[in-house]
1. I need the helices (runs of 4 or more DSSP H) fully contained in the range 40-129, keeping only those with at least 2 residues that are over 24 Å from Asn206 (Cβ atoms).
2. Could you please find all residues in the range 275-292 being of a type in the set (S, T, N, Q) and either touching a residue at least 60 places away in the same chain (Cβ under 8 Å) or in a loop (DSSP other than H, G, I, E, B) (or both)?
3. Applying the selection to the range 63-119, what residues are without any contact (Cβ under 8 Å) to a residue 60 or more places away in the chain and hydrophobic (A, V, I, L, M, F, W, C)?
4. Going by the structure shown, is Gln99 modelled with pLDDT of 90 or more and either within 12 Å of the chain's Cα centre (by Cα) or under 20 Å from Asp25 (Cβ atoms) (or both)?
5. Given the criterion out of contact with any Pro (no Cβ under 8 Å at 6 or more places or on another chain), basic (Lys, Arg) and within 30 Å of Arg48 (Cα to Cα), identify the matching residue among Arg207, Arg162.
6. For the range 189-205, check the following and say yes or no: at least one residue is over 22 Å from the mean Cα position of the chain (by Cα) and under 25 Å from Asn275 (Cα atoms).
7. Restricting attention to the range 243-255, which residues are farther than 12 Å from Phe280 by Cβ and buried (at least 18 other Cβ atoms within 10 Å of the Cβ)?
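The values are calculated or read from the model by the stated rules, or taken from the named source; none is laboratory data. These numbers come from a predicted model, not from an experiment. When we count neighbours, we look across all protein chains shown, and the Cβ atoms used for this are built from the backbone with ideal geometry, even at glycine.
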Amino acid sequence: MKLELKPGKYVVAVSGGVDSVVLLDLLYEQLKNPEKNLAVAHFDHGIRENSDRDRKFVEKLAQSYKLQFFYEEGGLGPQASEALARQKRYEFLKKVKEQTNSSSIVTAHHQDDVLETIIINLLRGTGRKGLSSLASHDGLARPLLNFPKSEILDYAKSRGLRWQEDESNLDQKYLRNYIRHNLVNKLSRAQKKKLLEISRTARGKNRQIDESLQNLFFQNDGIPRKLFVSLSHDISSEIIAQWLRRENARLDKKTIDRLVIQLKTARQGKIIEANQAKYFVINQGIIRLKTS
């Protein structure tokens, strides 16, 4: 398994499961001067009573590689949602990235995770981005995306690696677990290949659409209000979502819909809050996005 990863300094997210244990071993073997360029980060969500077991395991693993180890206890409790757990984990990882002056966070998401995410997004009524949402981008590397779970397990066994089994991965009250055990595991190889082809095609089309939106609407740091009002709600929503993504503000569909309606109906000079950091203002027939 050869990782495609540029030279740099990385924070590796290690849960203790087989995926992240394999990722750490691969990075250690393939990066130059890994002791200087790798830091291990573990977030203890506090969802399970015995979650400190995983933290102790990862800490010993980091010591065996002679790598820096960082961890944080979330104390989220057994009722925490997947979304909250993910949010808190990435907040922690970003803090470690800044603290270590690393170029990127590296996670162990793999090909099966891509399939699960596609299905989850389809069930939630995804827009065009949802078919290709799990990918690497600036500050976040996912070098295992082209590898299926079976190859990861084969590598772990061939290297004699040890890992922790998280029993919460069997709990089907979580949507991802339900999809993993009842849908993805029952797909044929051909069906999985087709879904991955759809995702790759969507990613290419999304790139082209984003570039077109950039060229058509984001000149002079604003959008003509008259033109925006003339567009359908769906197209207007795509433009606002893309505009906010350019400013590192990712909002949910409900908020995007609210912003579109307000931007089309509000009076001149009206300030429309997107989130705590960003707001829109309508002035002299132009819609502009500002920073609070």
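1. Numbers: elements: 52-65, 82-99, 111-123.
Ranges flagged: 52-65, 82-99.
2. We begin by selecting, within the range 275-292, every residue of a type in the set (S, T, N, Q); these are 275-276, 283-284, 291-292.
Once the filter is applied, which keeps residues that are of a type in the set (S, T, N, Q) and either touching a residue at least 60 places away in the same chain (Cβ under 8 Å) or in a loop (DSSP other than H, G, I, E, B) (or both), the range 275-292 yields Asn275, Gln276, Gln284, Ser292.
3. Correct list: Leu67, Phe69, Phe70, Leu76, Ala80, Ala83, Leu84, Ala85, Phe92.
4. On the way: modelled with pLDDT of 90 or more: yes; either within 12 Å of the chain's Cα centre (by Cα) or under 20 Å from Asp25 (Cβ atoms) (or both): no.
Judged against the criteria, Gln99 is not a match.
5. Numbers: Arg207 fails: within 30 Å of Arg48 (Cα to Cα).
Being out of contact with any Pro (no Cβ under 8 Å at 6 or more places or on another chain), basic (Lys, Arg) and within 30 Å of Arg48 (Cα to Cα) holds for just one of Arg207, Arg162, which is Arg162.
6. no
7. Selection gives nothing.
This table checks each residue for (1) modelled with pLDDT of 85 or more; (2) in contact with a strand residue (DSSP E or B) (Cβ under 8 Å, 6 or more places away or on another chain); (3) closer than 26 Å to Arg124 by Cβ.
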residue: Ile223; (1), (2), (3): yes, yes, no
residue: Glu247; (1), (2), (3): no, yes, yes
residue: Asp252; (1), (2), (3): no, no, yes
residue: Ile271; (1), (2), (3): yes, yes, no
residue: Asn283; (1), (2), (3): yes, no, no
